[in-house]
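Heads up, the thing below is written out as structure tokens.
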Amino acid sequence: MANTDLFINIIENMAKAVIENKEYLTDLDRAIGDGDHGINMSKGFQAVLSKLDDMRDKDLGTILKNVAMTLISTVGGASGPLYGTAFLRAATAVDGKMDIDKTDILNIFEKAIEGVQTRGKAQVGEKTILDSLVPAYEALKKSYEKEEGNLEAFRAAEEAALKGVEYTKTIVAKKGRASYLGERSIGHQDPGATSTYIMIKSIKNILEENHK
Ligand code: ADP
Ligand code: MG
């Protein structure tokens, strides 16, 4: 893909999707956490929206770094630093670039995963953001290896992320507030894995719109 206009479009749509799902994410967090995930995330992405105009015409690394700094300074809770670090690391994958290819996209995801892991010390299977982010990345990679285009790749990533979200219902939370519940966290869907899924789905939606 992508020119910076499309990239800005993606960030804008991602922010709107998170904001639209404020209540949903908060309800999920109320069941196994403290009921603020949607509030935290929508506050952060409202701030991102308000800074979007300043980000236009910047290189992709700068855009992602701006998103990261905005999230770090506005999102409370565990998810602020986690998503902030993810975007900050992702920025290093496209430093100075105005266009990106499939390798860059995979690098963005690899760095984002690295960021979440460095910050939160979690592994897949511990009922966190990683349970949708990692399968989404793996699906992207597999799709690109089959020479599929971005839309197909992100459709596969969305599907994998959703499966990851479903999977979080079956496992015990090992990190964050939900871990205090131990076995009682089983049966509940992880809010952070869900917000990641919503973000990935929003990317696919923009690619779909652009495809028409
Ligand atoms: P808090 O738990 O501080 O209230 P949020 O409610 O905003 O923060 O975010 C909770 C989400 O953060 C969880 O659903 C989980 O997905 C994610 N999370 C918590 N701890 C970790 C961690 N160590 N690594 C990855 N994700 C985590
Ligand atoms: Mg919370």
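The values are calculated or read from the model by the stated rules, or taken from the named source; none is laboratory data. Because the structure is a prediction, the values reported are computed rather than measured. Every residue, glycine among them, receives a Cβ derived from its backbone with ideal geometry; neighbour counts consider all protein chains shown.
In segment 165-184, how many residues are within 20 Å of residue 135 (Cβ to Cβ) and either among the acidic types (Asp, Glu) or away from ligand 2 (no atom under 13 Å from the Cβ) (or both)?
Looking only at that region, the number is 9.
Can residue 82 be described as within 16 Å of ligand 1 (Cβ to nearest atom), touching a residue at least 60 places away in the same chain (Cβ under 8 Å) and either assigned to a loop (DSSP other than H, G, I, E, B) or under 23 Å from residue 51 (Cβ atoms) (or both)?
yes
Determine which single condition residue 126 fails, assuming it passes every other condition in (1) under 16 Å from residue 29 (Cα atoms); (2) modelled with pLDDT under 95.
Result: residue 126 passes all but (2).
Inside segment 1-78, counting only helices (runs of 4 or more DSSP H) that do not spill past its ends, which hold 1 or more residues that are touching a helix residue (DSSP H, G or I) at 6+ places or on another chain (Cβ under 9 Å) and away from ligand 2 (no atom under 15 Å from the Cβ)?
Passing ranges, in order: 4-20, 37-55, 60-74.
Could you tell me whether segment 100-114 includes any residue that is within 16 Å of ligand 2 (Cβ to nearest atom) and closer than 20 Å to residue 132 by Cα?
Within segment 100-114, not a single residue is within 16 Å of ligand 2 (Cβ to nearest atom) and closer than 20 Å to residue 132 by Cα.
Of all residues in segment 118-152, count the ones that are part of a helix (DSSP H, G or I), out of contact with any helix residue (DSSP H, G or I) (no Cβ under 6 Å at 6 or more places or on another chain) and of a type in the set (S, T, N, Q).
1
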